[in-house]
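Some notes on the structure that comes next.
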Amino acid sequence: MRARLVAGNWKMHGSLATNRALLEALVAGVKGVECAVCVPFPYLAQAAERLRGTAIAWGAQNVSEFAQGAYTGEISAAMLADLGCRYVLVGHSERRQLYGETDAQAAAKFAAAQGAGVRPILCVGETLDERDAGRTEEVVARQLDVVLAHSNFGDAVLAYEPVWAIGTGRTATPQQAQEVHGFLRKRVGAATRILYGGSVKSQNAAAIFAMPDVDGGLIGGASLVAQDFLAICAAAQAKG
Ligand code: PGA
């Protein structure tokens, strides 16, 4: 049985003061489900300090593909490990679309994270044009296969995030999610957790998590509101 995981992706939001309140509420409220928050780099130490010894893991949203050196502005996987990160997002569609990250870079980042003992959460997903053109499986397979060509998946996590559902309020239906998760499942095997991400809210989480190959969620906007994130965690727990 795969343990469900609910991971928050705070993106570029927050401040010391608002994070403090959010972390307090999560520490008090998360029960019975594995939960993580992927916070902006400057707040990793704050998250580590507050979450150490609690049931909530913390992680980052990006990592350098290089081990160390003259890479101004970059953050290495070893640094994330040093800060106690259990997870790091790799290949998020905003990285791919806004910063031109390639499949090969995602694969190198994935390997760098694993090499430092930080579990990658590899994000894959198609754009609306790609879906409309019937290319969803081809796209997610390409994004995943580049990684599998270089690394064993191990205890890494896969996240299916249709680009058209991210931050748009337009969620994939549970059936649409299951279709792609089922397809991805054949490639990564029964042991790997596959999260769904893209406009997951407290109102739709339970129906999505009820799908057999959905093992939790990667939550953007709703992870910034304690009550909403806790309700989503409760929906994941309710699945059993
Ligand atoms: P969203 O973001 O929940 O705000 O749609 C999800 C993500 O980008 O990981």
For a paramagnetic label modelled at 7 Å from the Cα of Gln68 toward its Cβ, which residues of segment 81-125 fall within the zone defined by backbone nitrogen distances under 18 Å?
81-85, 112-118
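Using a 1.4 angstrom probe, figure out how much accessible area the chain has per residue, in square angstrom, rounded to the nearest whole.
43
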P(r) for the chain: what percent of alpha-carbon pairs falls in each 10 Å bin, starting at zero?
8, 35, 39, 17, 1
For segment 63-77, Karplus couplings with θ = phi - 60° (6.51, -1.76, 1.60), whole Hz, Gly/Pro x
7, 6, 7, 9, 6, 5, x, 7, 10, 3, x, 9, 10, 8, 5
Computed FRET efficiency, Cβ-Cβ of Asp132 and Gln97, R0 25 Å: what is it to the nearest 0.05?
0.90
Extension gain, Ala55 back to His13 (0.36 nm per residue minus Cα-Cα distance, nm)
12.8 nm
Accessible carbon and sulfur surface of segment 162-229 relative to its total accessible area, %, 1.4 Å
54
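Restricting to lysines 8 or more places apart or on different chains, can you count the pairs in the chain with Cα atoms under 22 Å from each other? Please report the intermediate quantities before stating the final value.
Numbers: Lys11/Lys109; Lys11/Lys201; Lys31/Lys201; Lys31/Lys239; Lys201/Lys239.
Value for the chain: 5.
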Relative contact order %, the chain, counting alpha carbon pairs below 8 Å whose residues are six or more apart:
22
Contour excess over end-to-end distance, with Cα ends at Gln175 and Arg2 and 0.36 nm allotted per residue:
60.3 nm
Calculate what fraction, in whole %, of the accessible area of segment 1-110 sits on carbon and sulfur atoms when a 1.4 Å probe is rolled over the protein chains.
57
Given the DSSP H assignment, sum -39500 (n - 2.57) over each helix run of at least 4 residues in the chain and divide by its residue total; what's the result at 222 nm in deg cm²/dmol, nearest 500?
-12500 deg cm²/dmol
Projected onto the charge dipole of segment 156-240 (unit charges on the beta-carbon of Lys, Arg, Asp and Glu, signs +1, +1, -1, -1), the Cα from Thr171, Pro212, Val188 with the largest positive-side position is that of Val188
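The values are calculated or read from the model by the stated rules, or taken from the named source; none is laboratory data. In this text, all values refer to a predicted model and were calculated from it rather than measured experimentally. No Cβ is skipped: glycine too gets one built from the backbone with ideal geometry, and neighbour counts run over all protein chains shown. Protein only, heavy atoms only, side chains kept; ligands, DNA and RNA dropped before computing areas. Shrake-Rupley method; radii C 1.70, N 1.55, O 1.52, S 1.80 Å.
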